[in-house]
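Only one structure is covered here, and it is reproduced in the block below.
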Amino acid sequence: MLAVFRADASSTLGGGHVMRCLTLAGRLARAGWSCAFATGPETSAVVPGLRGAGVDVFVLSGAGGAAELADRFPSGADLLVVDHYGLDAGFESACRSWARRILVIDDLADRPHDCDLLVDAGPGCDADRYLGLVPGHCRVLLGPDHAILRDAFAALRPEALARREAQRDVGRVLVNFGLGAPHGVTATVLEGILAVDADFAVDVILARQSSDFTKVEALARDCGRISLVEYAADMPGLMALADIAVGAAGTTSWERCCLGLPTLVIELADNQQENARGLALAGAVINLGAVAGVGRDEVAAALSGLVADGSRRRAMSRAAAGVCDGLGTGRILRALQGGVRAAGGKAVELRPARAEDLDIVFAWQCDRRVRRHFRNPQAPSRAEHAAWFGKRLSEPKGFFNIITCGGAPVGVLRLDPAGGDECFEVSIYVAPQHWGQGIASAALAQGKALLPGATLVAEVLPENKASLVLFRKAGFAVGDDGKYVLRPGRAGS
């Protein structure tokens, strides 16, 4: 299977498009795909890690490159991934002769596309956002649940969120406006940070070709608590260690949200307005507005207030963690693979639980046929359930999923922290009217795919014969404590 990625990076565009494509390419490669990147001439200089990422890279001479791509892949490719603001249905249609399927990654919804799958991770997207802009057969995946993040972010999430809950003082601030960082914004922000009366360390990520690199380098040299990083090989680690971030409202927003990192955001371009305002509305960030109106004093005032207010930082951390769980790449991969289907041929999928699911989950939990397999066979009252449900939705360390079959909700799959950084307890049930259709097995396969590097454990009552068979077939083995355990890399039937 061959996937070709069409994405560019530049000093003005930044590296976000290429970086998220690299993340998706990494997951595809682990699933057995070969990957190639078609880029513009400036891309490798802005994203130096591209050449060493284990993918084929070739530089296009034209702006779009449809004709060059057709010549390059005369035998065709299984997938073309387009992540480029300058390309639309005209380019994509021209690639149909050699690309068997086309995936578009977008966040503008301002032009038509000829694609089979479209991903837009922006907050607050609704089903009509791309109405009339994509073909009728196109499947659209919307919202931060589909943000493309490296596995390391989800792996560090429990530890990072626990540390933020316990942290009282600010020890580190992370400044990152992307690989391009235009408008001299990094130097302005650093001047504001240095005006704050507090003694915290500052990590600054800035490429050498940025317009204010020399000024930032001088500030770092004169101030012993500033560390300047030209290329962050371990961005998840830097974000996990930070207590506050200052950055743009682009693709790194979802990385910060996954790790619950309170952030001051500055809109570097018009296309970042929706993200910035949506995240501010969710309580995940403080939006300082468009870059033209943000100076040293605005940065200093906002940062001073956040440094002094631990309660607000913790509230922002929880809100951010609720926006994005870091598992979007796995969801996209499942969609590309056609998902998992129940016995009747309907697609079985997982989506994060939402507030409007309260009543249907309550009905399932009160059904005596479902309840008899719970550790506590006593059904909750409506008030008890509402309190539990609200708490569970706001608990960012685990994963609370609704199982859907053919788009309709049919059950629950929870993955709750069970001790250790990457160990989760599985809780799964399906509504009785959907038993015997293979839905639980398909949902469990989806859960395993969401956390491929985690150890999963399950406690099954001896009389629950169906679940005993379910976990055995999925590759779980009985441990010394009687619980069923599945370790990374173990496949089921």
statement: Conditions (1) of a type outside the set (Asp, Glu); (2) surrounded by fewer than 24 Cβ atoms within 10 Å (Cβ to Cβ); (3) within 22 Å of residue 102 (Cα to Cα) -> residue 37 fails only (2)
query: Tell me, which helices (runs of 4 or more DSSP H) lie completely within region 270-386 with 2 or more residues that are buried (at least 17 other Cβ atoms within 10 Å of the Cβ), at negative phi and not hydrophobic (A, V, I, L, M, F, W, C)?
result: 273-281, 310-323, 328-336
- prompt: Out of region 100-144, which residues are in a loop (DSSP other than H, G, I, E, B), within 16 Å of the chain's Cα centre (by Cα) and closer than 20 Å to residue 80 by Cβ?
  reply: 106, 107, 121
- request: Hey, could you check region 149-163 for residues that are crowded, with 23+ Cβ neighbours inside 10 Å and either of a type outside the set (A, V, I, L, M, F, W, C) or assigned to a loop (DSSP other than H, G, I, E, B) (or both) and say which is farthest from the chain's Cα centre (by Cα)?
  value: 157
- prompt: When region 174-201 is examined, which residues are found to be small (Gly, Ala, Ser), open to solvent by 10 Å² or more (accessible area, probe 1.4 Å) and not in a loop (DSSP other than H, G, I, E, B)?
  reply: 201
- request: Output the qualifying pairs, or none if there are none: Cβ atoms under 6 angstrom, residues six or more apart or on different chains, first residue in region 254-283 and without any contact (Cβ under 8 Å) to a residue 24 or more places away in the chain, second residue among the polar types (S, T, N, Q).
  value: 265/287; 280/287
message: Can you tell me which of (1) charged (D, E, K, R); (2) surrounded by 14 or more Cβ atoms within 10 Å (Cβ to Cβ); (3) over 20 Å from residue 158 (Cα atoms) is the one residue 414 doesn't meet?
response: (3)
- line: Given (1) assigned to a loop (DSSP other than H, G, I, E, B); (2) open to solvent by 20 Å² or more (accessible area, probe 1.4 Å); (3) more than 19 Å from residue 341 (Cβ to Cβ), residue 472 misses just (1)
query: Under the condition of being small (Gly, Ala, Ser) and either open to solvent by 40 Å² or more (accessible area, probe 1.4 Å) or more than 27 Å from the chain's Cα centre (by Cα) (or both), which residue from region 211-240 is farthest from residue 49 (Cα to Cα)?
result: 224
query: Is it true that residue 208 is open to solvent by 20 Å² or more (accessible area, probe 1.4 Å), at pLDDT below 90 and not acidic (Asp, Glu)?
result: yes
statement: Checked 25, 31, 45, 67 against criteria (of a type outside the set (Asp, Glu) and under 19 Å from residue 93 (Cα atoms)); the one match is 67
query: Scanning region 401-429 for residues that are of a type in the set (Gly, Ala, Ser) and touching a Phe, Trp or Tyr at 6+ places or on another chain (Cβ under 8 Å), which turns out nearest to residue 348 (Cα to Cα)?
result: 411
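The values are calculated or read from the model by the stated rules, or taken from the named source; none is laboratory data. Keep in mind the model is a prediction, meaning the values are calculated, not measured. Cβ: placed from backbone, ideal geometry, glycine included. Neighbour counts: every protein chain shown. These accessible areas exclude ligands, DNA and RNA; they are computed on the full protein's heavy atoms, side chains included. Shrake-Rupley method; radii C 1.70, N 1.55, O 1.52, S 1.80 Å.
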